[in-house]
């Protein structure tokens, strides 16, 4: 029997590491929180909160990374993504994003879809809901509307379906710079 989802120590360590890397990038660049806030279009206090807390929305995290010529990568471990001929996954695989934001959104949607495919192979929405401490309707809603999701929620969902999502920073590739 599964229990309510906890904040898994490996997931928390992943988010702590990401926060430390992003803070170090800001400090190495000689930017104040105010400077970064101006660059991202938010107040300095938002940057302070972002550096102290670990429940960022994925798209905010992706924008933060791109401010330093980095991108976020998401890797699913612990369960293989089924080779089930999923039509939506095929559509995602063929898309060619035309902007960095579109590329980040595609990564978020494709990773969420892969997690859903893993869930559908092994668990019901009720199983995942019991693990997360919510109802199946909330699980279905999250699966269908990932755009505003946080990294924390994605990691909790991944744990509920028997895997892990690891987020890392990577340099923006040459082709990605052209699109930017």
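The values are calculated or read from the model by the stated rules, or taken from the named source; none is laboratory data. Quick caveat: nothing in here was measured; it's all calculated off a predicted structure. All Cβ positions, even for glycine, are placed from backbone atoms using ideal geometry, and neighbour counts span all protein chains on display.
Structure summary
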{"read-out": "Residue match in the stretch 139-162 (condition: in a strand (DSSP E or B) and over 10 Å from the mean Cα position of the chain (by Cα))", "value": "no"}
{"read-out": "Cβ pairs under 7 Å, 6+ apart, first in the stretch 67-79 and without any contact (Cβ under 8 Å) to a residue 60 or more places away in the chain, second part of a loop (DSSP other than H, G, I, E, B)", "value": "68/29"}
{"read-out": "Residue in the stretch 76-96 that is surrounded by fewer than 19 Cβ atoms within 10 Å (Cβ to Cβ) and under 14 Å from residue 172 (Cα atoms) present", "value": "no"}
{"read-out": "Odd one out for residue 164, checked against (1) more than 18 Å from residue 82 (Cβ to Cβ); (2) touching a strand residue (DSSP E or B) at 6+ places or on another chain (Cβ under 9 Å); (3) surrounded by 14 or more Cβ atoms within 10 Å (Cβ to Cβ)", "value": "(1)"}
{"read-out": "Every pair of residues 6+ apart whose Cβ atoms lie under 8 Å, when the first sits in the stretch 126-140 and is touching a residue at least 60 places away in the same chain (Cβ under 8 Å) while the second is loosely packed, with under 15 Cβ neighbours inside 10 Å and not in a helix (DSSP H, G or I)", "value": "127/2; 130/2; 131/2; 131/3; 131/4; 132/4; 133/4"}
{"read-out": "Complete set of residues in the stretch 135-154 that are surrounded by 14 or more Cβ atoms within 10 Å (Cβ to Cβ), modelled with pLDDT of 95 or more and more than 22 Å from residue 86 (Cβ to Cβ)", "value": "138"}
{"read-out": "Candidate set: the stretch 121-134, residues that are more than 20 Å from the chain's Cα centre (by Cα) and in a helix (DSSP H, G or I); chosen: the one surrounded by the fewest Cβ atoms within 10 Å (Cβ to Cβ)", "value": "126"}
{"read-out": "Criterion violated by residue 70 - all others in (1) surrounded by fewer than 18 Cβ atoms within 10 Å (Cβ to Cβ); (2) at negative phi; (3) modelled with pLDDT of 85 or more satisfied", "value": "(1)"}
{"read-out": "Subset of the stretch 106-117 [in contact with a strand residue (DSSP E or B) (Cβ under 9 Å, 6 or more places away or on another chain) and crowded, with 20+ Cβ neighbours inside 10 Å]", "value": "108, 111, 114, 115"}
